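Novice: What follows is a single structure, and I will ask about it in a moment.
Where a number appears in this text, it was derived from the coordinates with a stated rule and is not lab data. Keep in mind that what you see is a predicted model, and the values were worked out from it rather than measured. No Cβ is skipped: glycine too gets one built from the backbone with ideal geometry, and neighbour counts run over all protein chains shown.
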Amino acid sequence: MANKMTNKTALLYALDNLPDAPADVREKWENMVASLDRKNASPKKLTAQQEKNEILKGVIGDFLADNAPTGYTCSDLIKSIPALEGDSNQHVSSLMRALVLAGSVEKYTDKRKTYFRTVEG
């Protein structure tokens with residue numbers, strides 16, 4: 001599969017392959033490439049909710065590490081962790097999905113219930 005064509009790659013292609021373009025057009029393209037580079041170099045600031053979610057993921061990870069190898073459902077986590085009190089199963093499930101994708105938590109199913117535990121190793 002070919003690489004995805006981004007605005008930057010398109011501009012660089014134009015700069016490399018259209019040497020007869022007017023100087024002011026080439027200057028505009030170069031400025032656009034520089035602007036894209038600045039935009040991509042700046043660190044992304046997390047929203048307040050994203051910061052809260054990162055903290056919650058840390059709390060969940062610590063709880064699971066302290067209680068290994070027991071598996072917990074999302075409902076169990078909500079009942080067991082004070083920081084999750086009042087959260088919905090859907091929200092906790094999305095936090096758990098992120099932890100599973102990060103590789104710090106594993107997900108398994110037993111009798112049609114989904115459980116989470118820390119990854120051993």
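Novice: With +1 assigned to the C-beta of every Lys and Arg and -1 to the C-beta of every Asp and Glu, and no other charges, what is the dipole magnitude of the chain about the Cα centre in debye, to the nearest 20?
Specialist: On the way: 17 positive and 16 negative charges, 74 e Å.
Taking the Cα centre of the chain as origin, the dipole is about 360 debye.
Novice: With the cut-off at 1.5 for a/c, could you classify the chain from its C-alpha gyration tensor as rounded, prolate or oblate? Provide the component values of the computation, followed by the final result.
Specialist: Details: a/c = 4.29, a/b = 2.90, b/c = 1.48.
Because a/c hits 1.5 or more and a/b exceeds b/c, the chain counts as prolate.
Novice: Where the centre of each part is set by its Cα atoms, how far does segment 1-68 sit from segment 82-121, in angstrom?
Specialist: Distance between centres, Cα-based: 29 Å.
Novice: Shifting gears a bit: Using just the helices of the chain, give the 222 nm mean residue ellipticity in deg cm²/dmol: DSSP H runs with n ≥ 4 each add -39,500 (n - 2.57), and the total is spread over all residues, rounded to 500.
Specialist: Numbers: 5 runs with 70 residues, N = 121.
Only helices count here, giving -18500 deg cm²/dmol.
Novice: Compute the length gained on full extension between Leu36 and Ala21: take 0.36 nm times their separation in residues and subtract their Cα-Cα distance, giving the result in nm to one decimal.
Specialist: Numbers: separation 15, 0.36 × 15 = 5.40 nm, distance 2.07 nm.
Length difference between fully extended and current span is 3.3 nm.
Novice: Only sites in a loop by DSSP and with at most 11 other Cβ atoms within 10 Å count here; which trypsin sites (Lys or Arg not before Pro) in segment 35-121 make the cut?
Specialist: Details: sites: Arg38, Lys39, Lys44, Lys45, Lys52, Lys57, Lys79, Arg97, Lys107, Lys111, Arg112, Lys113, Arg117; in loops: Lys44, Lys45, Lys111, Arg112.
Here the trypsin sites (Lys or Arg not before Pro) that fit, given the DSSP loop and packing criteria, are Lys44, Lys45, Lys111, Arg112.
Novice: Convert 10 °C to kelvin, take the viscosity as 1.306 mPa s, use the Kirkwood radius over C-alpha pairs of segment 48-118 as Rh, and evaluate the Stokes-Einstein diffusion coefficient in µm²/s, rounded to a whole number.
Specialist: So the translational diffusion coefficient is about 132 µm²/s.
Novice: Mind giving me the FRET efficiency for Gln50 and Lys107? R0 is 35 Å, r the Cβ-Cβ distance, nearest 0.05 is fine.
Specialist: Numbers: r = 22 Å, r/R0 = 0.63.
Step by step, r from the Cβ atoms, then E = 0.95.
Novice: In segment 19-111, which GluC sites (Glu not before Pro) are in a loop and have at most 10 other Cβ atoms within 10 Å, using DSSP for the loop call? The partial results should precede the final answer.
Specialist: Details: sites: Glu27, Glu30, Glu51, Glu54, Glu85, Glu106; in loops: Glu85.
Filter output for segment 19-111: Glu85.
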